[in-house]
Every structure is written in structure tokens, then in C-alpha cells.
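Just so you know, all these numbers are worked out from the coordinates, no wet-lab data involved. Quick caveat: nothing in here was measured; it's all calculated off a predicted structure. Backbone-built Cβ (ideal geometry, glycine too); neighbour counts: all protein chains shown.
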Amino acid sequence: SPLPEEAVYYDPETLTAYELGLKLDLDNGLRTFINVFHYDYQDLQLSNVSEICGGSCQVTSNAGKAEVDGIELESRYYITAYDKLNVALTWLNAEYTDYQLNDTVNLKGEKLNRSPEYTAIVSYQHIFELGNGADIEFDISSRWSDEYSILSTSSVSQFVQPSFHKTDVALTYRAPERDWYVQAYVKNIEDELTISNASFGPAFPGLVDGTLTFSDPRTAGVRFGLEF
């Protein structure tokens with residue numbers, strides 16, 4: 001049978017953005033960026049698992065209106081010609097201003113999906129120069145995220161992903177002519193299990209059907225690339 005129209009069609013999303021930025025360069029190697037922004041969304045597009053198709057399916061729908069206010073602060077400190085430290089902090093206030101989910105529920109004032117109030121990133125890079133003109137680059141980056149909510153439209157409920165932090169590390173060898181490189185990396189060293197999407201709803205009387213989408217676990221690998 002054909003799918004219902006609301007499972008296939010949705011309206012365009014409109015975003016009106018206001019941003020004010022400032023960049024400071026100091027003689028001691030410190031560079032700072034400050035960005036203040038306000039976003040107005042109309043017909044915000046959201047993807048979620050729904051039972052509208054007669055079974056579980058991914059559906060994109062419109063969420064009415066939403067507003068996002070935020071401040072981003074990033075500082076890059078060039079310690080030496082071979083050492084760089086980067087720190088970034090973000091504050092976010094993101095909420096629905098009008099989202100009529102059904103005849104009785106309006107999510108006005110509720111937090112947007114996957115919008116933590118605070119996030120922080122700290123990264124460090126060091127370059128080892130080799131005698132043949134090649135170099136080895138060491139990178140480590142750690143990200144901390146405040147808790148955030150995940151909306152399940154099928155069960156008219158919001159789930160909370162607790163705060164977490166994840167760390168990535170990479171070691172890259174670049175050839176003297178910079179025409180190729182090889183890199184070994186590990187992502188999510190802590191092996192943090194986080195949820196990026198959730199949907200729950202009644203399947204049959206007395207039973208609950210649901211799906212969860214998880215982010216990648218600890219991942220290790222090797223890359224090889226050519227640059228030209």
C-alpha cells in the first residue's frame with residue numbers, strides 16, 4: 001500500500017541567522033576568537049523513527065519554530081613553532097518556540113534534539129622534524145559534552161544522554177616532499193557509549209517497540225594518502 005503523505009513530504013526549512021564575531025591576535029602567540037549568534041528557525045526539519053508507515057521507518061517532519069542563542073570562545077596558543085594548544089568553549093540555549101506535536105502536546109520551551117548547553121574541546125599538536133626533511137605530527141584532542149535530550153515523536157517523550165567526554169589521538173608521518181603520508185589513529189579512547197537517536201512507542205497491547213542509534217565505539221585504524 002502507498003505510504004501516507006506525511007511520511008514522504010515535508011516543508012522547506014528556513015533559517016535567519018545573526019552573528020557577531022571578534023578576533024584578537026596577541027604578540028605572545030595567542031589568538032582568540034569570540035562569536036555570539038542567534039538563530040531563528042521556521043519549519044525546522046527533524047528526522048525520527050516513526051510507526052506511521054505501518055512499521056518502523058525513518059521520517060522527516062517539520063517542528064514549527066525554534067530559537068538558538070549561543071556564544072563560542074576559541075583560543076589558539078602557538079607555544080613554539082612546533083607546538084600548538086587549542087581550547088574551545090561553547091554555551092548554547094536551543095529550544096522549540098512552537099512545536100505542536102499532536103492535538104494535546106506542544107513542546108514550546110523544550111530543548112532541541114542533541115543540543116547540550118555546554119561543550120568544551122582541548123587539543124594539542126606537536127611536530128617532530130626529521131633529518132631527511134620529513135616530519136611526524138602528534139595530535140590529541142578531547143571533547144566534553146554536557147547532557148542533552150533526544151526527542152521520540154512516536155512516544156511523545158524525551159530521553160536524556162548523560163554528559164560524557166571522548167578523546168582522539170593520531171600520529172602522522174609526512175614524506176619529505178609532502179606528497180604522501182601515513183597515519184595511525186585511535187578515536188574514542190574511553191570507549192564511551194553514547195546515543196545519537198532514540199524512538200519508542202507501542203507495538204502491540206502490553207508491548208513496547210523501540211530503536212536506538214549508538215555512536216561509534218573505540219575505533220583504531222591506519223590511513224595512507226597521496227597529496228598532489
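Relative contact order of the stretch 104-153: 45 percent, from C-alpha pairs under 8 Å at least 6 residues apart in sequence. In this simple spin-label model, placing a label point 7 Å from the Cα along the Cα-to-Cβ direction at both Phe37 and Leu89 gives a separation of 1.9 nm. Extension gain for the segment Leu212 to Glu137, taken as residue separation times 0.36 nm less the Cα-Cα distance, is 23.3 nm to one decimal. Listed by chain and number, the lysines whose C-alpha is less than 29 Å from the C-alpha of Lys65, apart from same-chain residues fewer than 8 away, are Lys108, Lys111. Coupling constants for the stretch 24-29 follow from the phi torsions by the Karplus curve (6.51 cos²θ - 1.76 cosθ + 1.60, θ = phi - 60°), and in residue order they are 10, 10, 10, 5, 7, x Hz; glycine and proline get x.
Close amide H contacts of Trp180 (hydrogens built in the peptide plane, cut-off under 5 Å, sequence separation of 5 or more or a different chain): Ala175, Glu227. Where a Cα-Cα gap under 16 Å defines reach, which lysines qualify for Lys166, not counting those fewer than 8 residues away within the same chain? By straight Cα distance, Lys166 reaches Lys187.
Each label point was placed 7 Å from the Cα along the Cα-to-Cβ direction; for Val182 and Lys23 their separation is 3.7 nm. Kirkwood radius, the stretch 65-153, all distinct C-alpha pairs, inverse of mean reciprocal distance: 16.1 Å. Regarding the chain, what is the average projected area of its C-alpha convex hull, in nm²? Averaged projected area of the chain's Cα convex hull equals 17.4 nm². Between the beta carbons of Glu67 and Asn102, assuming R0 = 30 Å, the FRET efficiency works out to 0.85 to the nearest 0.05. Scaled against the 2.2 N^0.38 Å expected of a compact globular protein of N residues, the Cα radius of gyration of the stretch 103-163 reads 2.01.
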